[in-house]
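Notes to accompany the following structure.
The values are calculated or read from the model by the stated rules, or taken from the named source; none is laboratory data. Note that the structure is a prediction, hence the values are computed from the model and not measured. No Cβ is skipped: glycine too gets one built from the backbone with ideal geometry, and neighbour counts run over all protein chains shown.
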Amino acid sequence: MASKIRKLKDSVAAQVAAGRPARALQLLQQILQLDPEDVAARQKCGDLFLKLGRKGEAITAYRSAVEAYAAAGHQLKAIAVCKVILQIDPGHSETLEVLARLAAANGRPHPVGRRRIRYARYTRRR
């Protein structure tokens, strides 16, 4: 099965290089069916959804990657993916909260002020 996944990943790279993100996304989804724990594939799905203009699905894929990175103890990777989500949607309240929690757990200064989180929640309710 590992060799099949490797071949699929090579095909994904070839499809992306050839400018066919939709086909690459289909292949990545096959990879995730074979190995649901592949966090890099989840993140790459987010990249491809974004490239295809499907921002909502990109955020969902990125959120999945954030959760997996955080669960595996890779807080810095999770923080980096949170920042990508915030580039897409600066007021994404769930991501703001997760980012604040991850930064606090990592011993870093609070990257997002409480006011910004409250404002994001307020704008979501409107």
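I'm checking my understanding of the structure. Among residues of region 1-39 that are within 20 Å of the chain's Cα centre (by Cα) and among the small types (Gly, Ala, Ser), which one is nearest to LEU52 (Cα to Cα)? Looking at residues that are within 20 Å of the chain's Cα centre (by Cα) and among the small types (Gly, Ala, Ser), I get ALA22. Evaluating ALA72 against the criteria (1) surrounded by fewer than 18 Cβ atoms within 10 Å (Cβ to Cβ); (2) within 23 Å of ALA13 (Cβ to Cβ); (3) small (Gly, Ala, Ser) leaves one unmet condition, (2). Beta carbons closer than 8 Å, at least 6 apart along the sequence or on distinct chains, pair a first residue in region 72-95 that is within 14 Å of THR60 (Cβ to Cβ) with a second that is in a loop (DSSP other than H, G, I, E, B) and not hydroxyl-bearing (Ser, Thr, Tyr) for ILE85/HIS92; THR95/ASP89.
Would you confirm whether or not region 48-62 contains a residue that is in a loop (DSSP other than H, G, I, E, B) and touching a Pro at 6+ places or on another chain (Cβ under 7 Å)? Among the residues of region 48-62, at least one is in a loop (DSSP other than H, G, I, E, B) and touching a Pro at 6+ places or on another chain (Cβ under 7 Å), which makes the answer yes. For region 81-97, the criterion of being in a helix (DSSP H, G or I), basic (Lys, Arg), buried (at least 16 other Cβ atoms within 10 Å of the Cβ) and at pLDDT 90 or above is met by none of the residues.
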